[in-house]
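The values are calculated or read from the model by the stated rules, or taken from the named source; none is laboratory data. Predicted model, so just to flag it, every value in this text is computed and none were measured. As a convention, Cβ positions derive from the backbone with ideal geometry for all residues, glycine included, and neighbour counts pool all protein chains shown.
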Amino acid sequence: MSIYTPDMEYYEDIKYQEFLLSSRRKNICNPEKVMNNFSLKGAVNVVDFGMGLGYFTPYLLNKMDKYSHLWGIECQPELIDQVLKKKVEKNIENFSTVYLDKTDHPLLPQWIPVPDVIFASLSLSTFPNPGLAMDGLIRSMVPGGKLIVLEWSKTEHPEGPGIRDKVSTDKMKYLAEIYNIKVTNSFLVSEYIYGLELRADEKFQMAFYDHRE
């Protein structure tokens, strides 16, 4: 049975967010295994898109170069408040949180440095069209930047979203192809979680954000 109530989106329920920080999540989404599937070497600015309560924050910071900066993007202010408290308590200097309104076509704020890598964990499937969301994130990056996506497999799990809220690997790859985004790596974290590394292909038009250069 789901842990969220029917009158809200599952990711808005604090119980779901707390589950995402729990050891139970680690059993199905081991962070060390996730980090082994991509590189952040040379990335000056990294975005954690859909940061939640910051489950991956320490792992991303540990994997990044010492001179790099992590930007945690979140649409729920109450979650940002909790993450900010942890940032202050641990005196983390190369990490900033950013509020972003939820839209169908997310574009990162122009006042933050254009990221080299965007890490999106269990967030694209919350959009009506994950392909359009991928398009917005690719447009928000430097040309040649990479988008790392983690998502729920289309398999039942008692503490995850319902089947209809999940997007299969094949569907996510299909949506990426529609928006001229190529899959450069595909990996399985567990039977419940898969990962993709994505980049703009040669047909993708980056002109949308040229004024940020």
Residue that is surrounded by the fewest Cβ atoms within 10 Å (Cβ to Cβ), among those in the stretch 109-140 that are assigned to a loop (DSSP other than H, G, I, E, B) and in contact with a Lys or Arg (Cβ under 9 Å, 6 or more places away or on another chain): Gln110
So Ile73, is it in a strand (DSSP E or B) and without any contact (Cβ under 8 Å) to a residue 60 or more places away in the chain: yes
Only one of (1) assigned to a helix (DSSP H, G or I); (2) hydrophobic (A, V, I, L, M, F, W, C); (3) surrounded by 12 or more Cβ atoms within 10 Å (Cβ to Cβ); (4) modelled with pLDDT under 95 fails for Val88. Which number is that? (3)
What is the number of the single condition among (1) over 19 Å from Phe49 (Cα atoms); (2) crowded, with 18+ Cβ neighbours inside 10 Å; (3) not β-branched (Val, Ile, Thr) that Pro158 does not meet? (2)
Tally of residues being under 17 Å from the mean Cα position of the chain (by Cα) and either crowded, with 18+ Cβ neighbours inside 10 Å or modelled with pLDDT under 95 (or both) across the stretch 174-199: 12
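Conditions (1) aliphatic (A, V, I, L, M); (2) under 15 Å from the mean Cα position of the chain (by Cα); (3) farther than 20 Å from Val98 by Cα; (4) at pLDDT 85 or above, marked per residue:
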| position | (1), (2), (3), (4) |
| --- | --- |
| Tyr16 | no, no, yes, no |
| Arg25 | no, no, yes, no |
| Ile28 | yes, no, yes, no |
| Val34 | yes, yes, yes, yes |
| Val44 | yes, no, no, yes |
| Gly54 | no, yes, no, yes |
| Leu60 | yes, yes, no, yes |
| Ser68 | no, no, no, yes |
Could you tell me whether Glu78 is in contact with a helix residue (DSSP H, G or I) (Cβ under 9 Å, 6 or more places away or on another chain), acidic (Asp, Glu) and closer than 22 Å to Tyr194 by Cα? no
Filtering the stretch 29-68 down to residues that are in contact with a Pro (Cβ under 6 Å, 6 or more places away or on another chain) and more than 14 Å from Ser121 (Cα to Cα) yields Asn45
Every listed condition ((1) surrounded by fewer than 18 Cβ atoms within 10 Å (Cβ to Cβ); (2) assigned to a strand (DSSP E or B); (3) among the hydrophobic types (A, V, I, L, M, F, W, C)) holds for Val46 save (1)
Looking at (1) over 29 Å from Thr169 (Cβ atoms); (2) at pLDDT below 95; (3) crowded, with 16+ Cβ neighbours inside 10 Å, which is the one condition that is false for Asp81? (3)
Residues in the stretch 165-182: is at least one assigned to a strand (DSSP E or B) and touching a strand residue (DSSP E or B) at 6+ places or on another chain (Cβ under 7 Å)? yes
